[in-house]
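The values are calculated or read from the model by the stated rules, or taken from the named source; none is laboratory data. Since the structure is predicted, the reported quantities are computational estimates derived from the model, not experimental observations. All Cβ positions, even for glycine, are placed from backbone atoms using ideal geometry, and neighbour counts span all protein chains on display.
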Amino acid sequence: MPDVSGRSCIVTGAAQGIGRAIAEALLDEGANVCLADINAAKVAEAADANKARAADHGGKVTHAAVDVTDRDQVRAMIAHAVDVFGRLDVKFNNAGINKPMNFLDVTEDNWNRIMGVNGLGCLIGMQEAARQMIAQGGGGKIINTASIASRQGFDNVAPYCASKWAVVSLTQSGARDLAKHDITVTGFAPGVVATEMWDQVDRDLMDIGAAERPGQAMEEFSSEILKGRVARPEDITGTTTFLASRASDYMTGQIVMIDGGMTLV
């Protein structure tokens, strides 16, 4: 496994799903990890559940409640992680939301909320992490969560698709600007992953008449996956740990697809 031992990391959206899996995989390899999420109680619970894991592998774990669209809260999260770990080496901008609506029904509120968290939240997270990395010296890694929806549009989730295309653009822009500071910016694009977020999307699609029964949306998406099944969170973490490790030091500006072969680009 690529070496992340001793590296100090922040993972947003880490109370559950892919974010929590990313954090736990990093802890398994000896990293220090701050789990961050807007759900204060749930992220505290996730961090507490991982104290033994961190201790067993020689790392530390802490947590922070954060609204990624609020710059002051993002700064406070980073300051907390630096206070506990001493520095920031890796920042995962993973927090994201979705709320399906039929294309003609998309509202300004729906657009602004999704673009706020997924787009603006990614930008703020990148900026504030980079400022910390520049101030402390030694470079660093910023890793953003994109999606299969960053490679093609889907009719019932247009704002989500737009927001994930924005993540790709921000990754490329950040990589160009931050290279002079020895900061790499990469990302990964999951496909259909069996998480709480997909469970909610499934319910939302039924609410808007885009699906008739529970599980229909996931089944239909899964039919296009070459691997023949939906992903589990642990299918994602080999790549995310690699991106956080020294093994990926010569890689920047790239988005790695992890979708079982659903989208070939």
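Worth a mention:
- Some residue of the stretch 99-117 being under 14 Å from the mean Cα position of the chain (by Cα) and within 26 Å of I255 (Cα to Cα): yes
- Conditions (1) touching an Asp or Glu at 6+ places or on another chain (Cβ under 8 Å); (2) in contact (Cβ under 8 Å) with a residue 60 or more places away in the chain; (3) charged (D, E, K, R): number failed by R75: (2)
- Residue within the stretch 216-235 that is within 15 Å of the chain's Cα centre (by Cα), surrounded by 14 or more Cβ atoms within 10 Å (Cβ to Cβ) and either at pLDDT below 80 or part of a helix (DSSP H, G or I) (or both) present: yes
- Enumeration of residues in the stretch 119-172 that are assigned to a loop (DSSP other than H, G, I, E, B), over 16 Å from T186 (Cα atoms) and not charged (D, E, K, R): G137, G138, Q152, G153, F154, N156, V157
So that you can scan it fast, the table gives a plain yes or no per residue for (1) touching a residue at least 40 places away in the same chain (Cβ under 8 Å); (2) more than 27 Å from L104 (Cβ to Cβ):
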site: V185; (1), (2): yes, yes
site: A194; (1), (2): no, yes
site: M197; (1), (2): yes, no
site: I208; (1), (2): yes, no
site: V230; (1), (2): no, yes
